[in-house]
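> Got a structure here, written out as structure tokens. Questions coming.
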Amino acid sequence: MLFQRPDDDTLYDALIARDAGYDGFAYVCVRTTGIFCRLTCSARKPKRENVQFFDTTAECLHAGFRPCLRCRPMMGSGEAEPLVAALLEALEREPERRWLEADIVAMGLDASTVRRAFKRRFGMSFLEMARLRRLGQAAERLTSDDSVVDAQVEAGFDSGSGFRAAVTRLLGEAPAKLRGKTMLKADWIETPIGPMIAIADQHALHILEFLERKALATEVRKLQAVTGSAIAFGRAAPIDQIEAELSAYFAGTSAEFATRLAPQGTSFERQVWDGLRRIAAGVSVTYSGLAGEIGNPAAIRAVGRANGANPIAIVIPCHRVVGASGDLTGYGGGLWRKRWLLEHERRIAAGLTRLVTRE
């Protein structure tokens, strides 16, 4: 049974009481400060008329609120909760398994606690995530010419029409049309500032975005249209490589990325993205400066549009571009992330400089 969110008055009472029983079911957004928090946050409590509640951190970010630095609603620091890590590992071992709440209980876990933990971290339950993985496995079988009925049974669907509708929503194609198509893989990557989704083939990374980015769905459709490929949840070598490189990046030990990239864009956009990759970590440039660097100083607005169309966050560092006054400008992952990344890279650059000086 899916959890039904209590009404706002009940949630406000939980906020005042810092009731941990509601933690993860909803988040409070404070209009007067522009910040969103957990219901258990220790900050001073706002008035009832100044708050609104959302089910997920993604909704809070889409509404323009930024995460509280005190209660860290994005769960940005440290490793995933042990129960989350354990279930993700189990899902990796058996992505084709039809997981039920009974399976979670059999592992000695509380089903409602698991729901809250996954909702906090991913905006979806573990069972929803497992369903997506089953669909991905089924889609792979379809591209290898297995029958639709066999793939349906393998994915755990009793209804043929339900299976076809679910695959179509996920991959944008009816099951029968997937046969013979090249299959791209998509998977989650955890970072200290929120989960990202990576999409790749066996040779290169096509998309790396924060899950809250509004343009993500458009980028996925564009990728499918250009490549003629379908997308299933799973792992490809470039995803493993970029995950390892991001781990070193967030640990502050390296700002270098060697994963092969294949972003879909016009020749001008790719020229801008190449220019972005030449900006060193710890350095920021203006749009006019970037336009001059690529040899087209009059194309400031076009450079801005290309910067915003970048489908590979962090690795193609569009966050290193600022306004002419030095102010932070728009960023698809949210301005708070842009500020975080620039400060993080400043510290990386300073640490590497000290290391070279000592040597």
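> Arg339 to Lys47: extension gain in nm, 0.36 nm per residue of separation minus the Cα-Cα distance?
102.2 nm
> Grab the beta carbon distance between Ala298 and Ser112, set R0 = 45 Å, and tell me the FRET efficiency rounded to 0.05.
Efficiency, rounded to the nearest 0.05: 0.15.
> Let me ask you something else. Taking θ as phi - 60°, what are the ³J(HN,Hα) couplings along region 284-293 by the Karplus curve (6.51, -1.76, 1.60), each to the nearest whole Hz, with x for Gly and Pro?
These are the phi-based 3J(HN,Hα) values: 10, 10, 8, 4, 5, x, 5, 4, x, 5 Hz.
> Beta carbons within 10 angstrom, averaged per residue: use that to sort the peptides 252-262, 304-314, 334-344, highest first.
The most tightly packed comes first, giving 304-314, 334-344, 252-262.
> Less than 20 Å apart at the alpha-carbon level, and either on another chain or at least 8 residues along: which lysines does that give for Lys185?
The reachable lysines, counting only those whose Cα sits under 20 Å from Lys185, are Lys177, Lys222.
> Another one. So for region 8-67, averaging the separation of alpha carbon pairs under 8 Å that are six or more residues apart and normalising by length, what relative contact order in percent results?
It rounds to 37 percent for region 8-67.
> Here is a follow-up. Considering only the other residues whose Cβ falls under 10 Å of the Cβ of Phe65, what net charge follows from Lys and Arg at +1 and Asp and Glu at -1?
+1
> Another question, if that's okay. Provide the gained length on full extension for the span Arg97 to Ala280, in nm with one decimal, where the gain is 0.36 nm per separating residue minus the Cα-Cα distance.
That pair, Arg97 and Ala280, stretches by 61.4 nm at full extension.
> Taking one equal scatterer on every alpha-carbon of region 182-359, how large is log10 of I(q)/I(0) by Debye at q = 0.10, 0.14, 0.15 1/Å?
Summing over Cα pairs of region 182-359 leads to -0.38, -0.76, -0.87.
> May I ask you to order 221-231, 198-208, 34-44 by the average number of other C-beta atoms within 10 Å around their residues, highest value first?
198-208, 34-44, 221-231
> Separate question: Express the Stokes-Einstein translational diffusion coefficient of region 8-67 in µm² s⁻¹, to the nearest whole number, given a Kirkwood radius over alpha-carbon pairs, 25 °C and a viscosity of 0.890 mPa s.
So the translational diffusion coefficient is about 221 µm²/s.
> In whole angstrom, note down how far apart the Cα centers of region 262-314 and region 3-47 are.
Here the two parts' Cα centres lie 40 Å apart.
> Below 10 angstrom from the Cβ of Glu243, what's the summed charge of the other residues (Lys, Arg +1; Asp, Glu -1)?
So the surrounding residues net to -3.
> Near Ala299, within a Cβ-to-Cβ distance under 15 Å, what is the net charge of the other residues, with Lys and Arg +1 and Asp and Glu -1?
Net charge around Ala299: 0.
Computed from the coordinates by the stated procedures, all read-outs in this text should not be read as laboratory data. Just so it is clear, the structure is predicted and the values come from calculations on it, not from any experiment. With ideal geometry, Cβ positions are generated from the backbone for all residues, glycine too; neighbour counts draw on all protein chains shown.
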